[in-house]
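The values are calculated or read from the model by the stated rules, or taken from the named source; none is laboratory data. These figures come from a predicted structure and were not determined experimentally. Every residue, glycine as well, gets a Cβ built from its backbone with ideal geometry; the counts of neighbours run over all protein chains shown.
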Amino acid sequence: MSSRHIREAPPHTIQAMSASERPRERLQQHGARVLSDAELIAIILRTGSKGQNVLNLADELLREFGRLGGLARANYEELARVKGVGKTKATELCAAFELGYRGMLATLDRTQIHSAADAAQYLNNLHALEQEEMHVLLLDTKNRLVGSQRVYEGSVHTTVIRVGELFREAIRKNCTHIIVAHNHPSGDPTPSPEDVAVTQEIVRAGKILDIEVLDHVVIGSGSQFTSLKERGLGFER
């Protein structure tokens, strides 16, 4: 047979890989949960770019945007500018992440957060951490939980925190309220002067953005926590 009649698998595609390495086949045989983030993204992308296979492109995207969370928050324009992605792949990625988000909302247990105690209970895993983390609870008009995210890891003070980061997801998901919480690894939930200063900045930004900051909760050891709102620290009485 003439070589011109032999159809070779195009380079830099999933089809060009061995069967045991193909994410699509691995998903079919073992289920989606066994695949890495890069493999799942590779299935959406389908093909790589010149000199780069699709898994490498997926890995590059994850590195570029700070792993999966950052990639999911990237907008169309940011994705389309990445070499090897372009308009079509950027569109498909945006659609996939939006479907995932809507699916999560459709199945989410709409927990209602009515108090600092509710917030502390929801985030009770923070009490055992060895370093500070700041989390934001995203709430709708009825104080139902829309989602939560870790926004900072490390010391909580005004020189490190970019207040806009705390509201980014709330704006994206049309949330009307947020609760901010962070832990004290020492186990003592007493708010520090830095905690109060950060709270003032957050509350001020919330008013500008028309997103009400319901509380800032400091979580200590065991079941200990402190509500800055209840103590009137950083919030106007």
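Looking at region 51-80, I want the residues that are assigned to a loop (DSSP other than H, G, I, E, B) and have a partner that is of a type outside the set (Lys, Arg) and surrounded by 15 or more Cβ atoms within 10 Å (Cβ to Cβ) with Cβ atoms under 7 Å, at least 6 apart or on another chain. Which pairs are those?
From residues that are assigned to a loop (DSSP other than H, G, I, E, B), the pairs are Asn53/His12; Ala74/Phe65.
Condition check ((1) more than 28 Å from the chain's Cα centre (by Cα); (2) surrounded by 10 or more Cβ atoms within 10 Å (Cβ to Cβ); (3) part of a helix (DSSP H, G or I); (4) at pLDDT below 60) across all residues:
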position	(1), (2), (3), (4)
Met1	yes, no, no, yes
Ala9	yes, yes, no, yes
Gln29	yes, yes, yes, no
Glu39	no, yes, yes, no
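Just to be sure before I move on: is Ala197 surrounded by fewer than 21 Cβ atoms within 10 Å (Cβ to Cβ), in contact with a Phe, Trp or Tyr (Cβ under 7 Å, 6 or more places away or on another chain) and more than 17 Å from Leu145 (Cβ to Cβ) in the structure I sent?
no
Each row is one residue, and each column tells you yes or no for (1) in the same structural domain as Met134 (by TED's automatic domain parsing); (2) among the acidic types (Asp, Glu); (3) in contact with a strand residue (DSSP E or B) (Cβ under 9 Å, 6 or more places away or on another chain).
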{"residue": "Arg172", "(1), (2), (3)": "yes, no, no"}
{"residue": "Cys175", "(1), (2), (3)": "yes, no, yes"}
{"residue": "Ile179", "(1), (2), (3)": "yes, no, yes"}
{"residue": "Ser186", "(1), (2), (3)": "yes, no, no"}
{"residue": "Glu201", "(1), (2), (3)": "yes, yes, no"}
{"residue": "Ala205", "(1), (2), (3)": "yes, no, yes"}
{"residue": "Ile208", "(1), (2), (3)": "yes, no, no"}
{"residue": "Val213", "(1), (2), (3)": "yes, no, yes"}
{"residue": "Thr226", "(1), (2), (3)": "yes, no, yes"}
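So in region 47-64, with the set limited to residues that are over 15 Å from Glu78 (Cα atoms) and of a type in the set (D, E, K, R), which one is surrounded by the most Cβ atoms within 10 Å (Cβ to Cβ)?
Asp59
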